[in-house]
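What follows is a set of notes on a single structure, which appears directly below.
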């Protein structure tokens, strides 16, 4: 009986240890539930979208081959989530997006972060091998080596970790949009509750074209509007600042 009881207790203990923490469980559940970015859902005019806030080069000439930007990881408050990313296409070109970024989630006062890459219309995939915390300085870069292949890179300049992913897709890029975005992303076909993320500023931001590089200074500023309420305030120059309001 003692051996049976001991074995039972050990099995129960192992089962308890095998259960992921609530934070990790939430992360894994989000990926299982198909977290996905979406093309910009423009509202009436060029200045508002249901899901994107930031700077967008729209209706380019098909020569955007790389986008980069650096931001400091915010601490979201309340309950909700949002994502900061850089990408190619997804605005006037709605059939594909090459992008990489960081999700920030606040759930009952517990904050978590996920680094990911995505080639829409495929879903987002988590990076392994990178840790992200509030206040870390993150550099994001996407590069299109062709219209159906590219690379996503995330560098945590605060802790020295870098992750890289080569990506291919049957959905061809138009290479006509470049963007620096905070997004209200989608899970299970619906937008998540948008988090109060404070402020995200993309610095050292530029897009690469056949003629060289350009800053976001001449890009279009887009704010998120939902249910008649504007939720962000965007300022565009050589840097892109997105504030939750």
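Worth a mention:
- Over region 20-244: Kirkwood hydrodynamic radius from C-alpha pairwise inverse distances, Å: 17.0 Å
- Taking the centroid of alpha carbons for each part, region 177-194 and region 59-93 are 10 Å apart.
- Packing-based ranking, highest mean first, of 165-174, 134-143 given that Cβ atoms within 10 Å are counted: 134-143, 165-174
- Segment residue 171-residue 230, length gained on full extension (0.36 nm per residue, minus Cα span): 18.0 nm
- Peptides 206-217, 179-190 ranked from most to least packed give 179-190, 206-217, packing being the mean of other C-beta atoms within 10 angstrom over each peptide's residues.
- In this simple spin-label approximation, residue 94 and residue 125 carry label points 7 Å from Cα along the Cα→Cβ vector, and these lie 2.7 nm apart.
- Relative contact order, percent, region 129-183 [alpha-carbon distance under 8 Å, six or more residues apart]: 31 percent
Every number in this text was worked out from the coordinates using simple rules, so none of it is lab data. All of these numbers come straight from a predicted model, not from anything done at the bench. No Cβ is skipped: glycine too gets one built from the backbone with ideal geometry, and neighbour counts run over all protein chains shown.
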